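Note sheet for the following structure.
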Amino acid sequence: MNKWMISCLLMWMAVYSHADPTDRWLIKVKYQDQHQLKQLAEAFDHFQLEHKDQVVKLEVSGTELSWLKNQQFEVQTDVAGSARLQRALTTNQRQQNSPSGGGIAGFACYRTVEETFATATSLVNEHPDLASWIDVGDSWVKTQDVALGYDLQILRISNQHITGTKPPLLVTSGVHAREYANAELVTRFAEWLLGEYGQDADATWLVDHHDIHLLLQANPDGRKMAETGLSWRKNANNNFCPNSNSRGIDLNRNFSFQWGCCGGSTTNACDQTFRGPAAASEPETIGMQNYMDQLFIDYRDDDLTDLAPTDTTGVFLDIHSFGEVILSSWGFTNTPPPNGDGILSLARKMAFHNGYRPQLGSLGTVDGATKDYAYGRFGVPGYTLELGTAFFEDCGFFEQSIVPQNLPALIYAAKASRQPYRIALGPDVTNLSPFMTPFTAGDLVQLHAIADDQRYLTGGGTEPSQNVSEAQYSVATPPWDNSASVVAMAPADGAFDAPQEPIEGSVDTQGFAAGQHLIYVRAKDADGHWGAVSAVFLDVIDPLTAPLINGTVTDRSTGAPLAGVTVYLNDYQVITDPLGEYQLQLPPGTYDLMVDIPGYLPVQISAVEVANGDSSQQDFSLIPLVSVYAFDGESGIQDWQPGGQWVLSTEAAHSPTHAWTDSESGDYDNSTDQSLTSAAIDFSQVSNASLSFRHQYDFESNFDYGRVEISIDNQSWTQLQAFSGASPAGVWSEAIFDLQDYSSAATVYIRFRVTSDSSVTRDGWHIDDVNISAPLTILPDLIFADSFDSP
């Protein structure tokens, strides 16, 4: 069955089934051979592919699900995930007539088009020297009626007071309307860059020395349709397949480079991959292409076999969902692009951060695509990042997995944009932590970091690594600038003879003025490749005028002083003395103070503002925590229910001798879905609780997962986090989760679940010291003993 026949069948089924827009399912489809895989790729443009198990994960409508079953595909429904999705979409439909103004109805973590634009406007107003809001064209609806539709607008981020040639990074999101997570992730990236400017050294030098362009909503007309719960992919062009929910043009098939060349799009106007009547026929495409034409230098000749030079500047990212994969050029052919090795190196670097599978090309044939326009037209490496596991991604998974995985990937892409084909080959600088205290001019400051040439996630082959051969730092001026005064750093173990090296250096602050100084650090490998820069702030104070913050830390229930406690003041730290007292001189500014120690409820004092000559006393009275539930495995299984091969292990433990594991004396199981579930835990008298446990894990990255889940009925489960890859060997790390949202529950259940594909050769998951704690209830006569209404 060819692609045209498939699309017609699906359209016919949709017309006659009167499907509810909330009728969406998360499923796994088993394919038997390449023919069936090709059939699925032609019918469904977005999917998550598990090669080893021959499984495709899809988000489908009820009609699409029926079609799959009619075609005799083996389908397994993710019942819990589908139920969550349908509940959210039902909420979405119910709230359309009375929107709350706090995100998309049913998906509060995702800003609407209007809210996204309002955020961008606010960022520009708050940072007028660092950001601008640029109109680059109109949406299709606006071309028909200027009173309707939207402007296409780009948030440009760069320090206007620092001039010179700056490398460009262009990120587009929302090209496909129903993919909720994309625009929100890129908006969070903008908020990080501008919100952390002057606070985070990496954010600061990226804004100072780069030209970052973010198209937050590339398809605003379509996105407004998708915000109603419709599975809307294309733009809103009503000239083709008119007056239907299948109208519009697929903007990621409408770009002029290799448009309609190779069977990677369709001429069927109602199909999801309809490429339009002509190349760049859509106003959204024209706006994007024109902006790229102005932004990027053309480094590459037009012949498909011509190389872009290794000093090419710029990176293009098109953020989509779903599939947890990083796709690159070419999309229209299986022939590798001429810069394929360099393109894949950068993809593997980004994949190190998000755990996605990096590869050349697309999952199926795609022509007229954004990423091929970037590379084919300019030689700039172009990528499609497919986020997550669903179009209408659950907010919990978005917040706990997509954001923390992909913000570092975007940050790395920005760092590499200066020379992506070179920088991606060099070592990264890690463990460059903020200094614990400020310094006085004349101090000799010790600088420590790690240079690592192995931070790649393999995909489409293995990335070679070399020994680190050199490291250096510079102050104020970046090391690539010819005017920079660079200082060599030394290997901490005495020799540069490994791909991962601890490095150290001394910064002589003699003559430094009081204030903030930015230190750049980079490293080079034995092949001569300088890697990405990392940076840290060094603050110098005048002890005669610098403000002082001081105070005491005590136990609220006893009044006793707490010695040896770390008080955090933004990035600074100070330890309390035997009397529970602390003090620290700092630069003028605004500080958030935090004390967070085991056995006590964390306390934060926000926005303490101090100027030169000020002294501010800030005391902490800590409320002890009590254990609501604790399990360390020392007394046997007790009331936990193992599903699968979970056993109490003596091989490894955090304390003292036993831990739970799914893989005693060997690897965890192939193609497994096994769990360890607690009995009902009484939450009737509990509020503001937290879950913690110690664990080690070793999973095949991006294929196998250890999942922490919670339920109030032992039937419907919410994932708190999914762990993949490997934790540091032999290290027991602590995982902590806030359970405040479950304060009104009568009972909760905790579940640890391992899911895997085939060909497992890893050690699995070891879990120990499970604990749920909550604040101690203070006796009434102590609550107001200090004349305050709150602890």
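No value in this document is a laboratory result; all are computed from the given coordinates. These numbers were taken from a predicted model, which means no experiment stands behind them. Positions of Cβ are backbone-derived with ideal geometry, glycine not excepted, and every protein chain shown enters the neighbour counts.
Of note:
- If you plug the beta carbon distance of Glu609 and Thr310 into 1/(1 + (r/R0)^6) with R0 = 45 Å, you get a FRET efficiency near 0.40.
- Given +1 at the Cβ of Lys and Arg, -1 at the Cβ of Asp and Glu and no other charges, the dipole of segment 428-533 around its Cα centre is 320 debye to the nearest 20.
- Altogether, the Stokes-Einstein calculation at 20 °C and 1.002 mPa s, with the Kirkwood radius of segment 691-739 over Cα pairs as Rh, returns a diffusion coefficient of 179 µm²/s.
- Taking the Cα centre of segment 320-375 as reference, the dipole from Cβ charges on Lys and Arg (+1) and Asp and Glu (-1) amounts to some 180 debye.
- Among 140-147, 581-588, 469-476, 377-384, sorting by the average number of other beta carbon atoms lying within 10 angstrom of each residue, highest first, gives 377-384, 469-476, 581-588, 140-147.
- Potential lengthening between Ser687 and Ala108 on full extension [0.36 nm per residue; Cα-Cα distance subtracted]: 206.1 nm
- The helix-based estimate of mean residue ellipticity at 222 nm for the chain, built from -39,500 (n - 2.57) per DSSP H run of four or more residues and divided by its residue count, is -6000 deg cm²/dmol to the nearest 500.
- Peptides 435-442, 745-752 ordered by average Cβ neighbours within 10 Å, highest first: 745-752, 435-442
- What you get for the chain, charging only the Cβ of Lys and Arg (+1) and of Asp and Glu (-1), is a dipole of about 2440 debye around the Cα centre.
- Cα gyration tensor, segment 640-680 - rounded (a/c under 1.5), prolate or oblate: oblate
- Each of the peptides 496-504, 533-541 was scored by the mean count of other Cβ atoms within 10 Å over its residues; in descending order, highest first, they stand as 533-541, 496-504.
- Selection from Ser321, Leu444, Gly580, by position along the positive dipole direction of the chain (Cβ): Ser321
- Cβ-derived FRET efficiency at R0 30 Å, Gln740 paired with Ile134, nearest 0.05: 0.15
- Shape class of segment 266-342 from the alpha-carbon gyration tensor: prolate, with a/c at 1.5 or above and a/b greater than b/c.
- Comparing Ala495, Ser256, Phe703 along the charge dipole axis of the chain, the residue lying farthest to the positive side is Ser256, per the Cβ-charge model.
- For segment 113-423, the gyration tensor built on C-alpha atoms gives a rounded shape. Its axis ratio a/c (a ≥ b ≥ c) stays under 1.5.
- Of every Cα-Cα pair in the chain, the percent that sits beyond 42 Å: 36 percent
- Based on the convex hull around the alpha carbon atoms, segment 290-440 presents an average projected area of 11.6 nm².
- Based on the convex hull around the alpha carbon atoms, segment 121-213 presents an average projected area of 6.9 nm².
- Comparing segment 428-533 with the 2.2 N^0.38 Å rule of thumb, its C-alpha radius of gyration ratio is 1.16 (two decimals).
- Approximate spin-label separation Gln617-Asp443, in nm, with each point projected 7 Å along Cα-to-Cβ: 2.6 nm
- Kirkwood-based shape ratio for segment 628-775, expressed as Rg/Rh from alpha carbons: 0.95
- For segment 392-430 versus segment 512-571, the gap between their alpha-carbon centres in whole angstrom: 25 Å
- The alpha-carbon of Lys30 sits under 18 angstrom from the alpha-carbons of these lysines, leaving out residues fewer than 8 places away in its chain: Lys38, Lys52, Lys57, Lys69.
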